[in-house]
Amino acid sequence: MPLINGQRPGTIYLVSSPNDPRSTVPDRLASAGGLSEGVARVLSRDTGLHEADIYGVGSFYHLLARPEARVRVCGGLSCQLAGSREVLSACKAAGLPTEEISCLAACDRAPAVLRDRRTLPSVTVEDATRSAGKVEDLCSTDSETAWLGTIGPETQSMGTHALNLLGEPDWSAEAFKAANKMGPAALFDLLEESGLQGRGGAGFPAHIKWRAVAGQAVQKRYIVLNADEGEPGTFKDREVLMRRPDLVLEGLAIAAAATGASEVYLYLRGEFEVPSGVIAQAIAKLEETNRYPDITFHMHAGQGAYICGEETALLEALEGKRGMPRLKPPFPVEVGLWGKPTLVHNVETIAYIPGIVLKGGAWFKNLGRTEPGTKLYCISGHVQNPGTYELPLGISLDELVETAGGYVGTLKAFSPGGASSGFLPASERGRALDFKGLGSLGSMLGSAGVVVLNDTVNMRWAAEEQLRFFEEESCGQCAPCRIGTHYLHAAVKGQEKSLGLAHVGDVAWQMNEGSICGLGQAAALPLTSALKYFPEDFS
Ligand SMILES: Cc1cc2nc3c(=O)[nH]c(=O)nc-3n(C[C@H](O)[C@H](O)[C@H](O)COP(=O)(O)O)c2cc1C
Ligand code: SF4
Ligand code: FES
C-alpha cells in the first residue's frame, strides 16, 4: 500500500515534525521545574500550543507532575523485599519531600531512591534519618561508580561472551568499518544467520526490522535507542550504557549506515542521570575524533513514565506528547518517529551488533543453548549476589542462581521476565529461561528481569504489589487496561467495594483481548498465575 506523507491512507495519526514546538514541551517543562499553573500559561504563550496541551503533557509524566517531591523511594517488589517501605517512612519522618515511585532499574542495589534525577542505590533508614530533612544531605557522598552493580560470571572473554561487560571499551570503530565494507545486504544476511532476537522483551528477529526500514520508499529514516528500562526486575541496560558505551554507539552507527539513516535518537529514562553522563561524554569523544562523520546522535531524557518503554509510546514521547502507545499496524519500521521509517532497538540488542560483525553470525548463534546468543539475565530478590549475568540463552533458574551465589532461603516462586511475566512456581526451576519455552507456559522471558521469592513471601501480597504497579503505570488510553488494572488491584486487595476474585478470569480475558499494548495485555498475569500456582495463599 503506498504511503502518503509517510502514513498509510486512512491512518489517523497526528504528524508533527522535529521543528514543531510541541517536541520541546517536556524539556521546557523540566527546565521550568515541572508543571504548575503559571508555567503552563507561559509555555502556552511561548509555543503557541493550547494551555490544556501543556497541562496534558506535564501531568502525564511523574517527574514533571509533582516537582515538589524531590525524594522518591522505589516501591518495586525487589526493593520492598529489601525494606523500601521502612526507608519511605523514615524519609517522611525526617521531613524529606517524599513519594513512592515505580522500579528505578536498580533492583540489584535495593532499596533504591531517586533524589531529584539521581538514583541512589542501597539507601538505609539511617541514611534517611541522618539527612535531617535536607534533600542534598541524603546520601550526599554517593559517587558515580556506586552505580555499578555486580557483573557475572567473573571471567568473561569475547570467545564465550558476546558483550564482555567486564572488558575494556574499544573505540577503534573496526566493526563499523567492516560493516560498511560488507554492505547492507550481506550485513542483513549476517544478522539473520546470527539469529539475534530483540532483547527489549518481544524477542522479534532483528534482521526483519533492519530489512524493512532499509526497504522503505521514504528516504528520511531514523534510528532510536530504547533505554527507558523500567520493567520491575530489569537493570541490565544501565550496566551496558555505563560499562560499554562504545558497543552501544558503534551498534547504532552500524544500524544507521546500513538502513540509510543519518540521525540517531537515544531515549534514556530521566532517572538515568549517571548513565546519561557516560553516554554524553562518549558521544563528545566520538565527535572529537570524527569517528562517524555522517551520523548525528541526539540524546533525549524521559520524564518518568514506565509506558514510554513501549516503542510507539516512546516515539510519542520523543515527539513531545504524552507517551501513549499507538495502534499497530502501521509499525515503526513504516511509520515511526515524525511519521518516518524508524528502527527501534533495545540497548542490549544494539550492543551485540559490533561483536556479530567482527566474529560472525554463526559465532553468536552458537553461544546460546536453546536459542541464539548470550543473554544478560538480571537477578534480584532472594539471591546471594543480585546482579547482571551474561550467560547462554536458555540456562535454567537454578544455573543462574548458582552463578549468583545461591538462593537466600527456600525458593517458592520467581518471575522470569519482570512484572509482565507473572509468577512461576519452584517446580519450574529447571526450565530453560528462553523466549519460546516460557511462552509455551503462558509466561515470558521479556527483558529477563528475574525476581526470586522465597517461602517467606505471600503470593497474594506479591500479586497485589505488581497490580499496584500496573494500575499506576497504565496510560489510561484504553478502557480494558485502565479499568481492568484498577479492578484487579481492588480485587486482590480485597477492597470492600470490589467484586472479589470470582471474575478475575473474565477481566483478564478482556484485558488481554482488548488492550492496545502489551501493558494491558499482560497486566493480569501476576494475579492469574499466583491464583493458579498458589491458591493456598488466597484462602
Ligand atoms: C509496556 C511495555 C514496556 C516496554 N518497555 C521496554 C523498555 O523499557 N525497554 C525496551 O527496550 N523495550 C521495552 N518494551 C518493548 C518495546 O516496545 C520494543 O519491542 C523494543 O524496544 C524493540 O527493541 P528490540 O527489538 O531490540 O527488543 C516494552 C514494551 C511494552 C509493551
Ligand atoms: S493497554 Fe494500557 S498502557 Fe497500553 S495503551 Fe491501553 S491503557 Fe495505555
Ligand atoms: S529499583 Fe526497586 S524494584 Fe527495581
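Rundown of residues vs (1) part of a loop (DSSP other than H, G, I, E, B); (2) outside the structural domain of residue 106 (by TED's automatic domain parsing); (3) within 16 Å of ligand 1 (Cβ to nearest atom); (4) within 23 Å of the chain's Cα centre (by Cα), yes/no style:
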position	(1), (2), (3), (4)
445	yes, yes, yes, yes
471	no, yes, yes, yes
483	no, yes, no, no
487	no, yes, no, no
492	no, yes, no, no
503	no, yes, no, no
508	no, yes, no, no
511	no, yes, yes, yes
531	no, yes, no, no
Scan the range 309-327 for residues that are out of contact with any Asp or Glu (no Cβ under 8 Å at 6 or more places or on another chain) and away from ligand 2 (no atom under 11 Å from the Cβ) and report the count. 5
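Residues in the range 265-304 that are small (Gly, Ala, Ser) and on the phi > 0 side of the Ramachandran plot: how many?
1
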Test residue 515 against the criterion of being small (Gly, Ala, Ser) and touching a helix residue (DSSP H, G or I) at 6+ places or on another chain (Cβ under 7 Å), and give yes or no. yes
Looking only at residues in the range 270-294 that are touching a strand residue (DSSP E or B) at 6+ places or on another chain (Cβ under 7 Å) and of a type in the set (D, E, K, R), which one is nearest to ligand 2 (Cβ to nearest atom)? 271
Number of positions in the range 500-521 that are in contact (Cβ under 8 Å) with a residue 60 or more places away in the chain and of a type in the set (Gly, Ala, Ser): 1
Before we move on, is residue 385 under 24 Å from residue 255 (Cα atoms) and not in a strand (DSSP E or B)? no
Working only within the range 274-313, note down all residues that are aromatic (Phe, Trp, Tyr) and closer than 22 Å to residue 106 by Cα. 306
State which residue is farthest from residue 442 (Cα to Cα) when the search covers only the range 522-539 and only residues that are without any contact (Cβ under 8 Å) to a residue 24 or more places away in the chain and not acidic (Asp, Glu). 539
Enumerate the pairs (first residue in the range 110-122 and more than 20 Å from residue 388 (Cβ to Cβ); second residue anywhere and more than 13 Å from ligand 3 (Cβ to nearest atom) and of a type in the set (A, V, I, L, M, F, W, C)) with beta-carbon separation below 6 Å, excluding pairs fewer than 6 apart on the same chain, so at least 6 apart or on different chains. 115/71; 115/138
Would you check if residue 416 is surrounded by fewer than 17 Cβ atoms within 10 Å (Cβ to Cβ), touching a residue at least 12 places away in the same chain (Cβ under 8 Å) and closer than 23 Å to residue 523 by Cα? no
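Residues that are surrounded by 24 or more Cβ atoms within 10 Å (Cβ to Cβ) and among the charged types (D, E, K, R), at least 2 per element: which helices (runs of 4 or more DSSP H) completely within the range 195-294 meet that?
Numbers: elements: 206-214, 236-243, 245-259, 273-288.
Answer list for the range 195-294: 236-243.
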Checked the range 63-79 for anything assigned to a helix (DSSP H, G or I), within 11 Å of ligand 3 (Cβ to nearest atom) and not polar (S, T, N, Q); matches are 77, 79
Only one of 323, 304 is within 16 Å of ligand 3 (Cβ to nearest atom) and either in contact (Cβ under 8 Å) with a residue 24 or more places away in the chain or not in a strand (DSSP E or B) (or both). Can you tell me which? 304
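Looking at the range 241-252, which of its residues are among the hydrophobic types (A, V, I, L, M, F, W, C) and in contact with a Leu (Cβ under 7 Å, 6 or more places away or on another chain)?
242, 247, 248, 249, 252
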All but one of (1) in a helix (DSSP H, G or I); (2) away from ligand 2 (no atom under 16 Å from the Cβ); (3) of a type in the set (A, V, I, L, M, F, W, C); (4) surrounded by fewer than 19 Cβ atoms within 10 Å (Cβ to Cβ) hold for residue 462; state the number of the condition that does not hold. (4)
Mind checking which residues of the range 513-529 are in a loop (DSSP other than H, G, I, E, B) and within 13 Å of ligand 1 (Cβ to nearest atom)? 515, 516, 517, 523
Just one of (1) in a helix (DSSP H, G or I); (2) more than 16 Å from ligand 3 (Cβ to nearest atom); (3) surrounded by fewer than 17 Cβ atoms within 10 Å (Cβ to Cβ) trips up residue 499, so point out which. (1)
Residue 457 being in a strand (DSSP E or B), touching a residue at least 40 places away in the same chain (Cβ under 8 Å) and closer than 23 Å to residue 81 by Cα: no
Listed residues 156, 80; which is among the polar types (S, T, N, Q), away from ligand 2 (no atom under 16 Å from the Cβ) and in contact with a helix residue (DSSP H, G or I) (Cβ under 8 Å, 6 or more places away or on another chain)? 80
Residue match in the range 295-306 (condition: β-branched (Val, Ile, Thr), farther than 27 Å from residue 356 by Cα and more than 16 Å from ligand 2 (Cβ to nearest atom)): no
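The values are calculated or read from the model by the stated rules, or taken from the named source; none is laboratory data. Model, not experiment: these values are computed from the prediction. Cβ: placed from backbone, ideal geometry, glycine included. Neighbour counts: every protein chain shown.
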